[in-house]
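Just so it is clear, none of the values below were taken in a lab; they were calculated from the coordinates. Quick caveat, the model's predicted, so the values are computed rather than measured. Backbone-built Cβ (ideal geometry, glycine too); neighbour counts: all protein chains shown.
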Amino acid sequence: MPGAVDLRVEHRPDGLGVGDRSPRLSWRLEGLPHGVEQVAHEIEVARDGDETSRTTGHGSGTSLVDWPGAPLRSRERSHVRVRSTLSDGTTTPWTPPLVVEAGLDPQDWAEPFVSPSTEASADGPRPAHLLRARLDVPAWAVRVRAYVTAHGVHELEVDGERLGDDELAPGWSSFEHRLRYRTIDLDDVVRPGTGSVLGVWLADGWYRGRLGFNGGLWDVYGRDVAVLVQVEAHRADGRVERLPLEWRTAPAPVVATGLYEGETHDARLEQPGWSLPGFDDSAWEVPTTLPRELFTHALEEPPGPPVRVTEVLRPVAVERRPDGRVRLDFGQNVSGRLRVSAAAPRGHVLRLHHAEVLEGDALGVRPLRSATSVDTYVFAGTGEETWTPRFTLHGFRYAELEGWPDGADPSTVEALVVHSAMTRTGWFASSDPLLDRFHENVVWSMRDNFVDLPTDCPQRDERLGWTGDIQVFAPAAAFLHDSTGVLLSWLRDLGAEQRAQGTVRNFHPWLECGFPAEPAAAWGDAAVIVPWTLYERTGDLRILRDHVASMAAWVDQVDALTGGTGLWDSGFQLGDWLDPAAPPTRPGDSATDAHLVATAYHARSAALVARTYELLDEPAQADRCAAIADRARAAFRSTFVSPAGRVVSDTVTALSVAICFDLLDERQLAVAGARLVEKVVESDHRISTGFVGTPLVCDALARTGSPDTAYHLLLQTACPSWLYPVTMGATTVWERWDSMLPDGTINPGEMTSFNHYALGAVVDHLHRVVGGLAPAAPGYRHVLFAPVPGGGLTHASAEHLSPQGMVRSAWRREGDVLHLTVEVPPGARGTVRLPDGSAPVEVGPGTSTHACRVRPAVDDPVAPRRWNVHDPQERQQMIREGVAS
Ligand code: BGC
């Protein structure tokens, strides 16, 4: 039965508390008979207190369709449903109704922040606080809403029960500019005419806790922790009343908590029933009232999903250690925390230690640097006690329980996986289990690092929104999960700080913790490339409209830095960060000239901004930026490329950027492509690139006609390579190619994480080139299916839940025949380009199969061996194999 499904607003997971007053609607069509399309749609909006309206639109569009009718007013609720009229004359059933409800207009905020602590104590993880307020919901209330945010991180309770499942709310944004709040539906939680109690757990979090490396900074955003709760009741006639809240506060049993440090919970200090009616709070204090006007931030509805527990893992191995600890292996490196259940005498202390890896026989905690990541629980002695820390997060696969109570079963300990609750949208599979595990590792590194904003790593004293990391990873992120909402929120921080501080920083939200504040290429270019990528993958032109000022400001700033010459050869650069040739202690010492990278990125970003202005119909600006791009391209060629096509530096990264960023002419391209193969062979098909070259090299090889060489790199298992960590048992992508050395010791560099997604950006090549599924028009309205088989793979597939619906490309090789099955969603079309070079075939929505002759998998070339002529044994082998005499 054909149906319209998955109705949603903007890039949000739900419709409650939307910021946009005319939110766009999207849905997908499923089960359509072959050749049948949507020709029209009908949107029904039932607005509270208003007549229901129905609006018809024409065409096949199902993504980001304009809001019909007048904008929603502050707090206004509507029930929206959609149905589609199909080209076969039938009409789908209505989608289930979606509640679309506006958040508050700025002037509707009336409650102040209430603060249990306005002066932070000494540096160090600090205690959390409890706040409680009676909530008397009048009998006339037909709808009750709470609007909640905090300086700090909070968890809510109503009448003794946890409210909602958001973790670490309201997350981290650039708090001096923007603070996100949540709209919470209390209708099913409170009973009109009865008294309830609202309870809040509140801790420092990002607002006041330690942030950043080199010792970090405390109290970055303020010296208070505070919560803002506004509860409103709606009368049947539409009038709204704010319900009075009289707050009381007391210390929480969480006696110390920090995102990096871990949490200490003394259960002896719990006050049973504290968030229930009838609890005696006469000894509690009255918190300080902080008028909202004191703060500079705008209150904003979140454009993306909250952080949540998305999965619960059980240990795959439990080991009693000679020192009495119990070691748990969860089989997967995650971002999260433990949940323990045990009984122990009052005052018994349990400590939970976390680490990503083992080194020798011990937990490898050195990479955590100063993020100690130890949680402590002091038992109340009340029987079986269940606990999970509330306000901390760790990156770990292993944990050790110190003081695990006798008789308790350690295999019941759970790891709660915590990150932004994004929908999975992308999959890849092939006939190579190592490649598949690598892909899985990338998916995990994305999950573990999308904790409200895109971070570098989840374990050490950083977890920052490094721009370079997400700049290279954005295409992969957009494929694997519906990450648009998370990234749009982060881009707002980037834009706000760029406006205020005059440049794009190397991470956002920015902290003055000793890292150079100057603009750097590939990092600052996130301002252009992330919004561009989101546009390309979602088809949402509004993303470009909203961010073009930030995109252009970056390009103009760099243009000024080049003195208008286009050559960016000055100032601070991170270059091809983490080139394996760089010494462990100097990760920026790449073999590739950092100014070559900078100038290449300048050309690329300027070209993208020119294209953006074209799309936004601003030809004068488009011409202006195209001229900047031309200057940068010309400067790149005259400075770094010989007329024949040699590139200076003569490195894989330099050649790859020149090829992928369209910086060469046709003749030079061929020479550069050939040289690239030589360089890759010279490096024995091992990785010789850092953050900049790694995402590009396979594309550069495929583009210049050497996909087999790309496969040799992809499938390499010797270090450094993508698969080396997989052979070492990695379950996430490592920061360094050799975060763990072949002998099992941890890289001596002081920056060694086992969970960084940046080097996993190559999965975008797996999706587009190996799997053969690439967007040919924004939002996958047109899909290019052009798989390039090789590497001995007998099958591969890529699947993506695009804005239009599921897109699939799956091929298998049987002898010398390649069978390709592609699926195009309704409203889209596809071009199939088979690897035999035959004429492309246009396909419409539905599934189609294609076949052509190909090289059998068994005949795929193996990587040519690079002989070490100076090694006598290798020399002998060369003679035996007839390649030397
Ligand atoms: C981070 C990186 C980041 C880099 C730039 C590191 O400490 O973890 O991923 O991009 O610094 O300097």
Quick one: Cα centre-to-centre distance for region 787-811 and region 47-122, in angstrom? 35
Given the chain, what percent of its DSSP beta bridges are antiparallel, to the nearest 5? 95
For helix 666-682, what angle does its Cα long axis make with the longest principal axis of the chain, in degrees from 0 to 90 and rounded to 10? 80
Using helices alone, what [θ] at 222 nm do you get for the chain, with -39,500 (n - 2.57) per DSSP H run of 4 or more residues, divided over all residues and rounded to the nearest 500? -6500 deg cm²/dmol
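Nothing charged except the Cβ atoms of Lys and Arg (+1) and of Asp and Glu (-1): what's the magnitude of the dipole of region 3-102 about its Cα centre? Round to the nearest 20 debye.
My answer is approximately 200 debye.
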What does the highest-first list of 236-244, 30-38, 121-129 look like by mean Cβ count within 10 Å? 121-129, 30-38, 236-244
Roughly how tilted is helix 526-538, in degrees to the nearest 10 and between 0 and 90, from the longest Cα axis of the chain? 90
Rounded to the nearest 0.05, what FRET efficiency do Asp816 and Ser570 give with R0 = 45 Å and r taken as the Cβ-Cβ distance? Could you check? 0.25
Tabulate in residue order the Karplus-calculated ³J(HN,Hα) for region 178-192, using 6.51 cos²θ - 1.76 cosθ + 1.60 with θ = phi - 60°, rounded to whole Hz; enter x for Gly and Pro. 9, 10, 8, 10, 10, 9, 10, 7, 9, 4, 8, 9, 10, 10, x
With +1 on the Cβ of every Lys and Arg and -1 on the Cβ of every Asp and Glu, and nothing else charged, how large is the dipole of the chain about its Cα centre, in debye rounded to the nearest 20? 1080
For region 774-884, whose charge dipole is built from +1 on Lys and Arg Cβ atoms and -1 on Asp and Glu Cβ atoms, the candidate among Ser797, Val832, Pro872 with its Cα farthest towards the positive end is Val832
Taking the chain as the reference, fit the longest principal axis to its C-alpha atoms, fit the long axis of helix 433-449 to the helix C-alpha atoms, and give the angle between the two in degrees, 0 to 90, nearest 10. 40
Please give the Cα centre distance for region 378-447 versus region 295-311, rounded to the nearest Å. 23
Based only on other Cβ atoms within 10 Å, what is the fewest-to-most ordering of Leu416, Leu541, Leu168? Leu541, Leu416, Leu168
Mean projected area (nm²) of the alpha-carbon convex hull when the chain is viewed from all directions: 39.6
Spelling out what I want: for every residue of region 324-339, take phi, set θ = phi - 60°, compute 6.51 cos²θ - 1.76 cosθ + 1.60 (Karplus), and round to whole Hz; glycine and proline get x. x, 6, 10, 9, 10, 10, 8, x, 8, 7, 10, 10, x, 7, 8, 10
Quick one: Karplus J couplings for region 512-519, per residue in order, coefficients 6.51, -1.76, 1.60, θ = phi - 60°, nearest Hz, x for Gly and Pro? 7, 10, x, 7, x, 8, 5, x
Which of Thr694, Thr651 has the fewest other C-beta atoms within 10 Å, and how do the rest follow up to the most? Thr651, Thr694
With the dipole of region 485-586 defined by +1 on each Lys or Arg Cβ and -1 on each Asp or Glu Cβ, the option from Pro519, Gln573, Gly495 whose Cα lies farthest towards the positive pole is Gly495
To the nearest 20 debye, region 426-770 has a Cα-centred charge dipole, built from +1 on Lys and Arg Cβ and -1 on Asp and Glu Cβ, of 360
Name the residue from Gly171, Gly815, Val770 whose Cα lies farthest towards the positive end of the charge dipole of the chain, charges +1 on Cβ of Lys and Arg and -1 on Cβ of Asp and Glu. Gly815
How much length, in nm to one decimal, is gained on full extension between Arg162 and Leu616, taken as 0.36 nm per residue of separation minus their Cα-Cα distance? 158.8 nm
Euclidean distance between Cα centres, region 461-522 to region 144-200, Å: 28
Amide H contacts under 5 Å for Ala776, placed H, 5+ residues apart: His782, Val783, Leu784
